[in-house]
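Reading through the structure tokens given below for one structure.
Only the coordinates and a few stated rules stand behind these numbers; no lab work does. Everything numeric in this text was worked out from a predicted model, so none of it was measured. Cβ: placed from backbone, ideal geometry, glycine included. Neighbour counts: every protein chain shown.
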Amino acid sequence: MTVPFVDLKAQYVSIKDEIDKAIYGVINETAFIGGKYVNDFEKKFAELYGVKHCISCANGTDSLYIIMKMLGVTSGDEVITAANSWISSSETISQTGATPVFADIDPLYYTIDENLLEQKITTRTKAIIPVHLQGQMCEMDTILALAAKYKIAVIEDCAQSHFSAYKGKRAGLLGTAGAFSFYPSKNLGAYGDAGCIITNDDALAEQCKRFARHGALVKHEHTLEGINSRMDGLQAAILSAKLSYIMGWTEKRRLNAKYYDEILGSISQITLPVVRPETHHTYHLYVVRAERRDKLAKFLKSKGIETSVHYPVPLPFLEAYKYLGHQPADFPVASKYSHQILSLPMYAELTEEMIDYVSTTIKEFYS
Ligand SMILES: *Cc1c(COP(=O)(O)O)cnc(C)c1O
């Protein structure tokens with residue numbers, strides 16, 4: 001048996017007719033940029049998610065950048081984010097001219113450690129970007145209380161947390177705005193790059209939309225210089241077709257995680273993911289910590305099981321951030337865990353037989 005890390009083809013095959021029809025429709029109407037399919041998706045996603053505004057854009061990275069720019073984040077400012085994330089969470093801070101300030105991660109939940117935030121806040125701090133990593137929500141009550149106390153914005157990086165929730169409120173609806181990625185392997189994935197911004201703030205929504213469309217809401221009326229960050233019609237039509245299935249797929253991820261929890265529970269050499277209380281985890285990733293991680297990954301690979309590491313190098317230790325001069329002791333948890341974390345295959349199409357095989361193979365390695 002082989003178990004790929006992700007299987008985008010299996011999902012396509014399961015809804016092939018609808019996807020093919022959606023693609024044909026866009027091409028037949030040459031609705032390539034903007035227009036009906038994009039407007040439709042924005043409306044449908046906002047409705048399903050329960051938010052006033054969805055502003056589509058070219059990718060998840062842009063969505064973070066656009067929000068920060070429109071909140072006035074600029075050179076001389078500081079923005080705090082998690083030491084363990086994808087580089088979009090921090091490179092977009094630098095793109096605005098501001099300086100990324102990293103905070104270590106929580107040893108139990110792997111998200112930004114909310115208890116370390118207050119000591120990172122200075123008079124220059126403009127925003128915090130909590131990253132709901134792996135589908136796990138950050139400790140938002142503490143983060144929002146700090147943000148209110150110091151009057152700073154909270155921009156939620158929801159690229160890995162579509163439909164996750166904290167105390168009944170969905171990711172992206174707790175802070176000032178939420179940034180989403182529809183990269184193909186994300187929980188809701190396009191067939192290319194795509195992203196969106198969600199917010200209930202009318203003024204911010206309009207600003208983000210204008211900035212992402214060359215500074216013009218009406219053709220040729222450029223009130224400012226913006227950027228070109230649009231979702232194309234094909235991606236919008238594909239995403240719209242997938243919206244009817246996303247809740248079911250998310251539930252299946254949760255069931256798969258539960259099954260992993262059950263059958264991996266007896267292996268003392270690995271530590272299973274822990275869900276933060278009063279939250280809804282959507283398992284973009286199922287991450288364990290494993291003894292002899294690299295050897296285990298190699299063994300699994302030899303048995304046809306693909307795994308991955310998210311992420312092998314914490315952001316502060318990437319070459320790109322060498323100039324910040326950080327030491328492992330600055331981020332002890334992220335440093336230690338980067339050698340232990342292992343992402344196991346996780347997607348809706350994963351079968352119980354496949355999970356059984358992963359479990360049996362891990363047991364075989366440790367025996
Ligand atoms: C995928 C991802 C992004 C960026 O999304 P793109 O659509 O690839 O630009 C941002 N943050 C996190 C945490 C991600 O996983």
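Values computed for the structure shown
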{"read-out": "Extension gain, GLU353 back to LEU108 (0.36 nm per residue minus Cα-Cα distance, nm)", "value": "85.3 nm"}
{"read-out": "Area projected by the alpha carbon convex hull of the stretch 148-202, averaged over all directions, nm²", "value": "4.5 nm²"}
{"read-out": "Packing rank of 322-332, 79-89, where each peptide gets the mean count of other beta carbons within 10 Å, highest leading", "value": "79-89, 322-332"}
{"read-out": "Part-to-part distance (alpha-carbon centres) for the stretch 323-353 and the stretch 233-285, which is given in Å", "value": "17 Å"}
{"read-out": "Given charges at beta-carbon only (K, R positive; D, E negative), |dipole| of the chain in Debye", "value": "100 debye"}
{"read-out": "Space enclosed by the convex hull of the alpha-carbon atoms of the stretch 179-294, per residue, Å³", "value": "166 Å³"}
{"read-out": "Potential extension, THR360-PHE299 segment - 0.36 nm per residue separation minus Cα distance", "value": "20.7 nm"}
{"read-out": "Positive-pole candidate from PHE317, LEU296, LEU272, dipole of the stretch 266-329, charges at beta carbon", "value": "LEU296"}
{"read-out": "Calculated P(r) of the stretch 4-74 - Cα pairs past 19 Å, %", "value": "58 percent"}
{"read-out": "Estimated inter-spin distance, ALA148 and VAL313, nm [label 7 Å along Cα→Cβ]", "value": "4.1 nm"}
{"read-out": "Rg over Rh, two decimals, the chain (C-alpha only, Kirkwood Rh)", "value": "0.97"}
{"read-out": "Set of lysines near LYS322 by C-alpha distance (under 21 Å), chain-local residues within fewer than 8 positions excluded", "value": "LYS120, LYS336"}
{"read-out": "Per-pair calculated FRET efficiency, R0 = 51 Å: TYR245 and SER268 via Cβ, rounded to 0.05", "value": "0.85"}
{"read-out": "Cα-only Debye scattering, the stretch 293-367: base-10 log of I(q)/I(0) at q = 0.18, 0.22, 0.28 Å⁻¹", "value": "-0.78, -0.95, -1.27"}
{"read-out": "If the convex hull is drawn through the Cα atoms of the stretch 206-361, its volume per residue in Å³", "value": "209 Å³"}
{"read-out": "Dipole axis of the stretch 142-207 (+1 Lys, Arg; -1 Asp, Glu on Cβ), positive-most option in GLN207, PHE163, ALA145", "value": "ALA145"}
{"read-out": "Burial ranking of peptide ranges 311-318, 123-130 (average Cβ count within 10 Å, highest at the top)", "value": "123-130, 311-318"}
{"read-out": "HN-Hα J in Hz across the stretch 128-139 - Karplus 6.51, -1.76, 1.60, θ = phi - 60°, x for Gly and Pro", "value": "10, 10, x, 9, 7, 6, 6, x, 8, 6, 6, 7"}
{"read-out": "The stretch 26-110: Rg to Rh, with Rh as the Kirkwood radius over Cα pairs", "value": "1.10"}
{"read-out": "Proximal lysines to LYS9, defined as alpha-carbon separation beneath 18 angstrom and excluding residues fewer than eight positions away on the same chain", "value": "LYS21, LYS186, LYS242, LYS252"}
{"read-out": "Scattering curve values for the stretch 11-154, log₁₀ I(q)/I(0), Debye with Cα scatterers, q = 0.09 Å⁻¹", "value": "-0.39"}
{"read-out": "Förster-model FRET efficiency, 30 Å R0, ILE33 and THR122, C-beta, rounded to 0.05", "value": "0.10"}
{"read-out": "Full-stretch length increase - GLN327, LYS43 - with 0.36 nm per residue and alpha-carbon distance subtracted", "value": "97.7 nm"}
{"read-out": "Using a Förster distance of 35 Å, the FRET efficiency for GLU278-LYS336 (Cβ separation, nearest 0.05)", "value": "0.80"}
